[in-house]
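Visitor: Structure in structure tokens, see below.
No lab work stands behind these numbers, since they all come straight from the coordinates. Given the structure is predicted, the values throughout are model-derived calculations rather than measurements. Here Cβ is always computed from backbone atoms with ideal geometry, including for glycine, and neighbour counts include all displayed protein chains.
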Amino acid sequence: MPVTDAPRHLATHYDVVVVGAGPAGMAAAVGARERGAERVLLVDRDMEPGGILLQCIHAGFGLHEFREELTGPEYAQRFFERVLEQEVDVLSGAHVADVTRDLRVKLLSTAHGVTTVDASAVVLGLGARERTRAAIHIPGDRPSGVMTAGLAQRLVNLEGYLPGRRAVILGSGDIGLVMARRLALEGVEVVGVYELLPHASGLTRNVVQCLDDFDIPLHLSTTVVGVHGRQRLERVTVAPVDEARRAVMADAHDVDCDTLLLSVGLVPDADLARSLGARIDPVTGGPIVDSSMQTTFPGVFAAGNVVHVNDLADWVSRESRVAGEAAGALATGARLVEDDIRLLPGENVSYVVPQTISRTRTHTVSFRVKQPIYGPTVLRVGDVHRRKVRAVVPPEMVTLKLAPRLLEGFRGSALRIDAVPESEEAR
Ligand SMILES: Cc1cc2nc3c(=O)[nH]c(=O)nc-3n(C[C@H](O)[C@H](O)[C@H](O)COP(=O)(O)OP(=O)(O)OC[C@H]3O[C@@H](n4cnc5c(N)ncnc54)[C@H](O)[C@@H]3O)c2cc1C
């Protein structure tokens, strides 16, 4: 990754300021420049751009965006080259502390101290935070050795430390699965992955490649109910759960370990959006966006994991380009298309992004299902569109393209999206 020099002089005004230089921020910055924004500033609090990709040294990125399988740092490097080609100002090591309602962006950095720049439009690409032990209320002692899987990934892959010698992983999200394999490769004994749900939370390919290939057991419908150790973690208590996800303590038992990694979900980092008064979707935890990825606060756009937790960086880049292009267009005086159709999560769908679309444009909409369907499944968008897919599972985001020709005859103002087994639809 090229290390960037902080711009020596920050302009006082930018057409577009992009907060966060992960895949979302980089794509948004490129999109803004491509749509004519003259001055674009891309800010990240880390010392190098790339976001979470920098610590994801495994392959599996870029199959859609670059038509090649890349590691996270390679994907970041490729995208950052586009950022440099587009002559975006990049400011690393700068924390964005606030965005005011008149779009003044307050920056804290070693290079510039406390500075404020004005923007005609702002794109939030802040990513997501990992849920911690406190968020899921695991009782017990408070020894060292309990940490989130993403922190362990950073320690191992970027800083060269092993978190321990014998690990239990709670949660089968992608970070936990990837870290099970990573620790095994480093000689750590991975005792098992424990998952509260009756199915894995991560991508199927990660279950196969990270657990099955390394003989690491996955215990479904099981959770950690106790943490024990005076200084360092000594053991955890695990218990199966019933259908209401209550621990069955009669069947609980202890597992010796010195490390407990938590991979129990990500939460969009929506504080800046919230402080502006932008409306938040109660299901995603991120700001509600229209088809330009504009939040309900005019001039402030959002994309990537800050809006909804994506499974693939490629999808993040795609939707963030939409946000950047719209921010660039708005900043240079263009009027954005007004949406006239609301998208609602229907049967077996937990959320839909964006939450509104326009019948005059082609949109890619993303959603997740609530329950897995392991056979032919029908995806329905009201009465205007119907697509059959082989199966759907909650860890894999589903995307649908909606073109104006599908919406021509539709006179309503809301469309429900459903995902149902084909066999039930026929009945
Ligand atoms: C362990 C793991 C494995 C994954 N594996 C794959 C895979 O194999 N294939 C794949 O396609 N995808 C994978 N993903 C998903 C993909 O990496 C993410 O979806 C993507 O990185 C999200 O991009 P983002 O830009 O929204 O957020 P991030 O990458 O998290 O970037 C957000 C950026 O915002 C910055 N920031 C936050 N707050 C501030 C602030 N106040 N001021 C300044 N900067 C700020 C952060 O420093 C960070 O750089 C994986 C993710 C993880 C965690």
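Visitor: Any chance you could list P(r) for segment 341-426, counting all Cα-Cα pairs in 5 angstrom bins from zero, rounded to whole %?
Guide: Going from the shortest bin to the longest, the percentages are 3, 15, 28, 26, 16, 10, 2.
Visitor: Still on this structure, I have one more. Which aspartates and glutamates, on any chain, are close to K388 with Cα under 19 Å apart, when same-chain ones fewer than 8 places away are left out?
Guide: Partners within reach: E347, E396, D418, E422, E424, E425.
Visitor: Can you pull the Kirkwood radius for segment 132-264, inverse mean 1/r over Cα pairs, to one decimal in Å?
Guide: Values: mean 1/r = 0.0690 Å⁻¹.
Kirkwood hydrodynamic radius for segment 132-264: 14.5 Å.
Visitor: Work out how much length E189 to R230 would gain on full extension: take 0.36 nm times their residue separation and subtract the Cα-Cα distance, in nm to one decimal. Please report the intermediate quantities before stating the final value.
Guide: Values: separation 41, 0.36 × 41 = 14.76 nm, distance 2.15 nm.
Taking E189 through R230 to full extension adds about 12.6 nm, to one decimal.
Visitor: So how much slack lies between D98 and E424, counting 0.36 nm per residue of separation and subtracting their Cα-Cα distance, in nm?
Guide: Values: separation 326, 0.36 × 326 = 117.36 nm, distance 4.96 nm.
Answer, rounded to one decimal: 112.4 nm.
Visitor: Between E68 and R205, what is the label-point separation in nm under the 7 Å Cα-to-beta-carbon projection?
Guide: Label at R205, label at E68, 1.6 nm between them.
Visitor: Counting alpha carbon pairs within less than 8 Å and at least 6 residues apart, what relative contact order, in whole percent, applies to segment 132-264?
Guide: 33
Visitor: Once amide H atoms are built 1.01 Å from N in the peptide plane, which residues 5 or more positions from R416, or in another chain, come under 5 Å H to H?
Guide: L344, G382
Visitor: Which ordering of S275, S366, S221 is given by a fewest-first count of other beta-carbon atoms within 10 Å? The partial results should precede the final answer.
Guide: Numbers: S275 13, S366 19, S221 16.
Ordered by Cβ neighbours within 10 Å, fewest first: S275, S221, S366.
Visitor: Just check the chain against the gyration tensor rule for me: Cα atoms, a ≥ b ≥ c as the square roots of the eigenvalues, rounded for a/c under 1.5, and otherwise prolate or oblate depending on whether a/b exceeds b/c.
Guide: Working: a/c = 1.98, a/b = 1.23, b/c = 1.61.
Verdict is oblate for the chain.
Visitor: Expressed as a rounded percentage, what relative contact order does the chain have, with Cα pairs under 8 Å and six or more residues apart? Could the numbers behind the result be given before it?
Guide: On the way: 1068 pairs, mean separation 66.9, N = 427.
Reported as a whole number, the value is 16 percent.
Visitor: I need the peptides 262-271, 387-396, 117-126 ranked by packing, meaning the mean over residues of other C-beta atoms within 10 angstrom, with the highest value on top.
Guide: Answer by packing, highest mean first, reads 117-126, 262-271, 387-396.
Visitor: Decide, for segment 1-154, between rounded, prolate and oblate: order the square roots of the alpha carbon gyration tensor eigenvalues as a ≥ b ≥ c, take rounded if a/c falls under 1.5, and otherwise choose prolate if a/b is larger than b/c, else oblate.
Guide: Numbers: a/c = 2.16, a/b = 1.33, b/c = 1.62.
It is oblate, given that a/c is not under 1.5 and a/b is not larger than b/c.
Visitor: How far apart, in nm, are the 7 Å Cα→Cβ label points at L344 and E159?
Guide: Output for this residue pair reads 4.8 nm.
Visitor: Quote the FRET efficiency, to the nearest 0.05, computed for A11 versus R279 with a Förster distance R0 of 22 Å and r equal to the Cβ-Cβ distance. Before the final figure, lay out each step's value.
Guide: On the way: r = 31 Å, r/R0 = 1.41.
Efficiency, from the Cβ-Cβ distance: 0.10.
Visitor: Something else now. Students often forget the sequence filter, so: which lysines lie under 18 Å Cα-Cα from K106 once same-chain residues fewer than 8 apart are removed?
Guide: Straight-distance partners of K106: none at all.
Visitor: Another question, then. Just report the Cα centroid separation between segment 184-234 and segment 55-130, whole Å.
Guide: Between the Cα centre of segment 184-234 and that of segment 55-130, the gap is 32 Å.
Visitor: Sorted by mean Cβ packing within 10 Å, highest first, what order do the peptides 30-36, 405-411 take? Display every interim value, and only then the final one.
Guide: On the way: 30-36: 23.1, 405-411: 12.3.
Top of the packing list down: 30-36, 405-411.
Visitor: Another question, then. Using a cut-off of under 18 Å, list every residue of segment 265-282 whose amide N is near the label point 7 Å from the Cα of D46 along the Cα-to-beta-carbon line.
Guide: 266-270
Visitor: Which residue, I136, I216, I57, tops the fluctuation ranking in a GNM of the chain built on C-alpha contacts under 10 Å?
Guide: I136
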